Amino acid sequence: MDYPKRKLIMLPGPTNVPDRVMDAMIKPMINHRGETFTTLLKEVTEKSKHLFQTTESPLILSASGTGGVEAAVWNIVRPGDKVVVPVYGEFGSRLSEAVELAGGEAIRVTSEFGTVPSLDAVTEAIRRTANLKAVYLVHNETSTGCTVPYVEELGKVAAERGAFYVVDAISSLGGYAIPVDKWGVDVCVTGSQKCLAAPPGLSLLSMSKKAAEYVRKDPPRVRYFDLGRQLDFLAHGETPFTPAISLYYALDVALDMLIEEGLEKRVERHSRLAGRFYSVLDAMGLKAFADPRFRSNTVIAGLYPDGLDDKLFRKRMNEEHDIVIGAGFGAMKSKMFRIGNMGEVSTAHVNRTAAAMALTLTKSGHQVDLERLAAVLDASS
Ligand SMILES: Cc1ncc(COP(=O)(O)O)c(C=O)c1O
């Protein structure tokens, strides 16, 4: 096949990958049982501590985010275990199913899509469940563009009951900060292709001392994702199985870029640009799907005006403007678009996307107040 043309990738993952990160992958292949890989693994592990704000060593798995989530489930959940799972979109639903596949009993706390379950409702489910094993939370629901604002508080409630606290932060970590040690998160999972702006294919997973001790004492009945085994190999500078070496090179540089920018500044940039995106939607007369209290800084989910054809809209954005945006999920398919505000996103990216959307909407017969839009795009954020 021909190489695809470079587009502006405004998907909720994968995201645009800076050239510096892409270039890092064109390094010679090395022996994964040799010194060079050990050095690379140690460096990437150290840099990942910064991302999770932990003193423990995070694991880097050669697997997409789902692999990391599966590992986080199979290493903690045993048949018959009771697990509370807030479900407010597709990824929460998948998480609850993963708990059941591992033999656990998922106690779902649901809310209407576009909102998140209240902290009170989740707390109540936790307090009324005898012998609770764990709480599994999706921090940022990529399917609806909603974020849970109480990650820290929920950690305290889980700790009161001695339950493990596991957070899927695949589409948020790096765009949001989750200081796992401070907030009592036992396992936190993220993916390389979202806010880290690296290519897809790696999961990063933090583990508390408590979680590490547990998996060693009671190893899971899986091999590839046995996290105790992963930790034992990491201790002597290796991975149990052949790692995706080129992706490790990319992640190394992506983490350098995060550290150079500073996590705090990066989080502030995501928040500022999300604000710009929501103002853009408002100026164009489009509604965000998420309740304003839970609007995500990393996934901007918007509703199409009546009569607008999703496929045609995204096709025009792609073919006429070289901008790729995401479609809706499940029941919202064809009614919703999703824009990734992640990784190397900048004011210029937001402006270019907004201008192309305005032109595409106009071409599709929908009036856009260009003066209002121009006022938003002229603002300096
Ligand atoms: C919140 C969340 N969890 C899990 C996943 C699955 O990750 P992957 O597609 O990398 O396997 C995604 C992917 O978008 C996600 O957004």
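The numbers here are math on the coordinates, done by the rules we state, and not lab data. Source: prediction; values computed, not measured. Every residue, glycine among them, receives a Cβ derived from its backbone with ideal geometry; neighbour counts consider all protein chains shown.
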**Request:** Read phi for every residue in region 163-175 and hand back ³J(HN,Hα) as whole Hz from Karplus 6.51 cos²θ - 1.76 cosθ + 1.60, θ = phi - 60°, with x for Gly and Pro.
**Result:** 8, 5, 10, 10, 10, 8, 10, 4, 9, 9, 5, x, x
**Request:** Please report the orientation-averaged projected area of region 223-298, defined via the convex hull of its C-alpha atoms, in nm².
**Result:** 8.5 nm²
**Item:** Gain upon complete extension [residue 232, residue 327; 0.36 nm per residue less C-alpha separation]
**Value:** 30.1 nm
**Prompt:** Considering only DSSP beta bridges with both partners in the chain, what is the antiparallel share in %, to the nearest 5?
**Reply:** 50 percent
**Request:** Using a Förster distance of 56 angstrom, determine the FRET efficiency expected from the C-beta separation of residue 42 and residue 124, and round it to 0.05.
**Result:** 0.80
**Complete:** Sorted by chain and then number, the residues having a modelled amide H within less than 5 Å of the amide H of residue 110, at least 5 places away or on another chain, are 87
**Asked** In what sequence do 183, 74 fall when counting other Cβ within 10 Å, fewest first?
**Response** 183, 74
**Asked** Among the listed pairs 49/265; 335/363; 156/194; 311/335; 333/363; 194/287, which are separated by more than 20 Å between their Cα atoms?
**Response** 156/194; 333/363; 194/287
**Asked** Rounded, prolate or oblate: which fits the chain when a ≥ b ≥ c are the square roots of the eigenvalues of the alpha-carbon gyration tensor, with rounded for a/c under 1.5 and prolate only if a/b beats b/c?
**Response** oblate
**Prompt:** What order do you get for 259, 170 when you list them from fewest to most C-beta neighbours inside 10 Å?
**Reply:** 259, 170
**Value at 222 nm in deg cm²/dmol, rounded to 500, when DSSP H runs of n ≥ 4 in the chain each add -39,500 (n - 2.57)** = -13500 deg cm²/dmol
**Request:** State whether region 280-381 is rounded, prolate or oblate according to the following rule on the C-alpha gyration tensor (a ≥ b ≥ c being the square roots of its eigenvalues): a/c under 1.5 gives rounded; otherwise a/b larger than b/c gives prolate, and the remaining case gives oblate.
**Result:** rounded
**Fill in**
Expected unfolding gain across residue 29-residue 369 under the 0.36 nm per residue rule, minus the alpha-carbon gap, is 117.0 nm
**Prompt:** If each Cα of region 6-142 is one equal point scatterer, what is log10 of I(q)/I(0) from the Debye formula at q = 0.13, 0.14, 0.21 Å⁻¹?
**Reply:** -0.78, -0.87, -1.27
**Complete:** Rounded to two decimals, the Rg over Rh value of region 75-219 from Cα coordinates and the Kirkwood Rh reads 0.94
**Complete:** Taking the dipole of the chain about the Cα centre (Lys, Arg +1; Asp, Glu -1; charges at Cβ), the one of 257, 37, 228 that reaches farthest to the positive side is 228
**Neighbour-count order for 22, 257, fewest beta carbons within 10 angstrom listed first** = 22, 257
